[in-house]
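Enquirer: Structure incoming, see below.
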Amino acid sequence: MIEAREIVRRFDGHAVLNGVDFRIAEGEAAAIIGRSGCGKSVLLRILIGLLPADSGRVVVLGQDLGALDERGLLEIRQQCGMLFQAAALFDSLTVEENIGFLLRRQGRCSRAEVDRRVAEALDLVGLPGIQAKKPAELSGGMRKRVGLARAIVHRPRIVFYDEPTTGLDPVSADSIDRLIEQVCAKLRATTVVVTHDMRTVRRIAQRVLMLHEGRVYASGAPREIFASADPVVRRFVDGVSDPREVTL
Amino acid sequence: MQMPMRQRFHDALEALGELAMLLAEAVRALARGRLSVQDLAYQFYFLGARSQAVVLITGAFTGLVLCAQTFFQFHKVKMDTATLAVVSVSMSSELGPVLTALMVAGRVGAAMAAELGTMRVTEQIDALRTLGAHPVDYLLLPRLAATVLAMPLLTAESVGIGIGAAYALGVGLLGIDGAYAWANMIRYTGLNELVMGQIKGVVFGLIIALISCYKGLQCPLGAEGVGRATTEAVVWSSIAVLIGNFFLTLLLTRLLEGLS
Ligand SMILES: Nc1ncnc2c1ncn2[C@@H]1O[C@H](COP(=O)(O)OP(=O)(O)O)[C@@H](O)[C@H]1O
Ligand SMILES: [Mg+2]
């Protein structure tokens, strides 16, 4: 379903990803964890073809992304959904137009059908009746939910989430986690969540990949990761900094 | 922090290459019928509405000052009635297109760069790409087409207003004989000048929209990125218009002379 082989990506000579290697099976819910700046968002963008890898191979839905041009990638991406870290709603469009964007462009559904599916998606994320609002009128949590509705309204086969709960209060974060869980169950889509929120991992993930120093440092079921004796994993999971890092 | 000359030259060449590729992609998209008429109409409307005031004021006052200055010189040698002809020729082929382009670059080019730059910084362009829309089809093409279509019209408008203002000033205030001045103007303003103005309008429209959208789409990430992209869009397109104007004048003069 998703296969990454030896992905390398450099920025300004510095290898942010340096040989990332994994597979995510169809219908699996995987969490990619790692510290801020370790390249989680970069990896996600490579997986959905927004950013090319410098070397390595990415196969998504049976297609080698490296072999496709932007128009080919557009086709693949329409079978995926992505929730961006800051939701990335289109400012100039209403909530309704944001969520119905892809359906309208594809032109496969009638107007009434699009309206119905947008309303359904808004119901699912718990924000019925806000179709006519502009993104600027929404709170951060609401934007994320609308972003989520936009990412799933076309029933994608893979859904990517970039730090879905970061920057939200604990209650909103929990409701987003719950929504992702529901989406997983309902769409039976493959789910890839990038996060450093251990509650999200516990709630959603069947498998955890920990990114560290440009590689998959550890992977396994959440239980295994949480029980790991490795000091790097341990510190991340417990949220404890390395005393050597703290220099005043 | 002064960049070494070689690096700058390299960057400039690279930017030129990227602009050419962007234009090629836009042409391909146009050929495949990716231009949404609705988006085009929307951009065209906004462009026209936004530029009205600046284009009219620029046109009128350029015409006025040109008329006054020409008259003061010509009056000494009793060539008053040639004043409007000078105004008309220089407005139609040079000042009209160039000043209109500079104003549109400042008004519309800046707005385009800021809008697309903000979209890039807030990941809206990435979102677009995940939702089946190519940024060239959805963002660049309507803006490019609208600017290319609108610029000749805005140029004509500014030339017309300039000549009108010059006529009013010359005949109304400076005491030029209206009928002679008008006849001389018609006689000396050839079709070539008008055609040249219109062609320049098209090319300048292309330059402004292409550079401004490029700057927006390539906007550096981070808070100051949008500001920088906007400033650079205006500076680059203004310079490109001025340089382009020189070469267009040389080229078009030859071409149009050859034709007529
Ligand atoms: N477009 C870019 N240009 C330059 N550097 C980048 C770019 N995108 C990401 N990086 C760098 O890559 C590293 C990883 O970034 P990112 O994937 O966003 O981290 P995170 O794991 O917090 O999501 C950071 O050091 C960042 O500076
Ligand atoms: Mg990130």
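Enquirer: May I ask you to work out the translational diffusion coefficient for segment A:1-89 at 25 °C, viscosity 0.890 mPa s, via Stokes-Einstein with Rh from the Kirkwood sum over Cα pairs, reported in whole µm²/s?
Expert: Answer, rounded: 179 µm²/s.
Enquirer: While we're on this one: Roughly how big is the B-A contact, given as buried accessible area in Å² (both sides, 1.4 Å probe, nearest 100)?
Expert: 1900 Å²
Enquirer: Accessible surface of A:Cys109 in the full protein assembly, 1.4 angstrom probe, to the nearest 10 Å²?
Expert: 40 Å²
Enquirer: Would you pull out the residues with amide H under 5 Å of A:Ala29's amide H, same chain only if 5 or more places away, H placed 1.01 Å from N?
Expert: A:Thr191, A:Gln206, A:Arg207
Enquirer: Need one value for A:46-55: mean number of C-beta atoms belonging to other chains within 10 Å of its residues' C-beta atoms.
Expert: 1
Enquirer: Give the span of segment B:2-65's Cα atoms along each principal axis, as three whole-Å numbers ordered largest to smallest.
Expert: 44, 42, 17 Å, listed from the longest principal axis down.
Enquirer: Distance between Cα centroids, segment A:89-144 to segment B:1-38: provide it in whole Å.
Expert: 33 Å
Enquirer: Further question: Provide Rg and Dmax in Å for segment B:131-210, with only Cα atoms included in the calculation.
Expert: Every Cα atom of segment B:131-210 included, Rg and Dmax give 18.6, 65 Å.
Enquirer: Okay, moving on. What Kirkwood hydrodynamic radius do you get for chain A when you take the inverse of the mean 1/r over all pairs of distinct Cα atoms, in Å?
Expert: Mean inverse Cα-Cα distance, inverted, gives 18.8 Å.
Enquirer: Could you sort B:53-61, A:79-87 so that the peptide with the highest average Cβ count within 10 Å comes first and the rest follow in order?
Expert: A:79-87, B:53-61
Enquirer: Just need the relative contact order of segment B:27-259 here, percent rounded to a whole number, with Cα pairs under 8 Å and 6+ apart.
Expert: 34 percent
Enquirer: Can I ask one more? Ignoring everything except DSSP H segments at least 4 long, calculate the 222 nm mean residue ellipticity for chain B; use -39,500 (n - 2.57) per segment, divide by total residues, nearest 500.
Expert: -27000 deg cm²/dmol
Enquirer: Within 10 Å of each candidate Cβ there may be at most 10 other Cβ atoms; applying that plus a DSSP loop requirement, which trypsin sites (Lys or Arg not before Pro) in segment B:151-260 survive?
Expert: The qualifying sites: there are none.
Enquirer: Taking Rh as the Kirkwood radius, which is the inverse of the mean 1/r over Cα pairs, what is the Rg/Rh value for segment A:182-248?
Expert: Here Rg/Rh amounts to 1.04.
Enquirer: Taking one equal scatterer on every alpha-carbon of segment A:128-243, how large is log10 of I(q)/I(0) by Debye at q = 0.09, 0.11 1/Å?
Expert: Taken in order of the listed q values, log10 I(q)/I(0) reads -0.29, -0.43.
Enquirer: Scanning chain B for helices, which whole DSSP H stretches are 18 Å or more long along the axis (Cα) and average -1.0 or more by Kyte-Doolittle?
Expert: B:5-31, B:37-76, B:141-167, B:191-217, B:223-259
Enquirer: Counting each DSSP H run of 4 or more residues in chain A as -39500 (n - 2.57), what helix-only mean residue ellipticity at 222 nm follows after dividing by all residues, to the nearest 500 deg cm²/dmol?
Expert: My calculation for chain A gives -10500 deg cm²/dmol from helical runs alone.
Enquirer: Ok, one more. Note down the magnitude of the dipole of segment B:72-194 about its Cα centre, charges +1 on Lys and Arg C-beta and -1 on Asp and Glu C-beta and zero elsewhere, to the nearest 20 debye.
Expert: Roughly 200 debye, rounded to the nearest 20.
Enquirer: Take every residue in peptide B:116-127, count the Cβ atoms of other chains within 10 Å of its Cβ, and give the average of those counts. Walk me through the numbers on the way to the answer.
Expert: Working: counts 0, 0, 1, 4, 0, 1, 8, 11, 10, 2, 7, 13.
Mean shielding by partner chains, rounded to a whole number: 5.
Enquirer: On a 1.4 Å probe surface of the protein chains, which of B:Tyr188, B:Tyr138 comes out largest in accessible area, and what is the full order?
Expert: Ranking B:Tyr188, B:Tyr138 by accessible area, largest first, yields B:Tyr188, B:Tyr138.
Enquirer: Translational diffusion coefficient, Stokes-Einstein: compute it for the protein assembly as shown using the Kirkwood radius over C-alpha pairs as Rh, at 20 °C and 1.002 mPa s, and state it as an integer in µm² s⁻¹. Please list the in-between numbers first.
Expert: Values: Rh = 26.2 Å.
In µm²/s, the coefficient rounds to 82.
Enquirer: How big is the Rg/Rh ratio for chain B, C-alpha atoms only, Rh by Kirkwood, two decimals?
Expert: Answer for chain B: 1.06.
Enquirer: Please express the Cα-Cα pair-distance distribution P(r) of segment B:143-260 as a list of whole percents, one per 5 Å bin, running from 0 to the bin with the greatest distance.
Expert: All Cα pairs considered, the percentages come to 2, 10, 14, 16, 15, 13, 11, 8, 5, 3, 2, 1, 0.
Enquirer: Report, in debye and to the nearest 20, how large the dipole of segment B:27-259 comes out about its Cα centre when Lys and Arg carry +1 and Asp and Glu carry -1 on their Cβ.
Expert: Roughly 240 debye for segment B:27-259.
Enquirer: Could you provide, to the nearest whole Å², the per residue accessible area of the protein assembly as shown with probe 1.4 Å?
Expert: Numbers: 24160 Å² over 508 residues.
Using a 1.4 Å probe on heavy atoms only, each residue of the protein assembly as shown averages 48 Å².
Enquirer: Then there is this: Which lysines, on any chain, are close to A:Lys40 with Cα under 22 Å apart, when same-chain ones fewer than 8 places away are left out?
Expert: The reachable lysines, counting only those whose Cα sits under 22 Å from A:Lys40, are A:Lys144.
Enquirer: Hey, another quick one. Taking all pairs of distinct Cα atoms, average 1/r, flip it, and tell me the Kirkwood hydrodynamic radius of segment A:57-158 in Å to one decimal place.
Expert: In segment A:57-158 this quantity evaluates to 14.3 Å.
Enquirer: Using θ = phi - 60° and the Karplus relation 6.51 cos²θ - 1.76 cosθ + 1.60, list the HN-Hα couplings for segment A:142-155 in order, rounded to whole Hz, with x at every Gly or Pro.
Expert: Each residue of segment A:142-155 in turn: 5, 4, 4, 5, 5, x, 5, 4, 5, 6, 10, 4, 8, 6 Hz.
Enquirer: Okay, next question. Take the alpha carbon atoms of segment A:182-214, find their center, do the same for segment B:172-241, and report the distance between the two centers in whole angstrom.
Expert: Between the Cα centre of segment A:182-214 and that of segment B:172-241, the gap is 53 Å.
Enquirer: Counting partner chain Cβ atoms within 10 Å of every residue's Cβ in B:128-140, what's the average?
Expert: Whole-number average of other-chain Cβ neighbours for B:128-140 is 6.
Enquirer: Provide Rg and Dmax in Å for segment B:216-260, with only Cα atoms included in the calculation.
Expert: 17.0, 54
The values are calculated or read from the model by the stated rules, or taken from the named source; none is laboratory data. Being a predicted model, the structure only gives us computed values, none of them experimental. All Cβ positions, even for glycine, are placed from backbone atoms using ideal geometry, and neighbour counts span all protein chains on display. We work out accessible area using only protein heavy atoms, side chains counted, and drop any ligands, DNA or RNA first. Shrake-Rupley method; radii C 1.70, N 1.55, O 1.52, S 1.80 Å.
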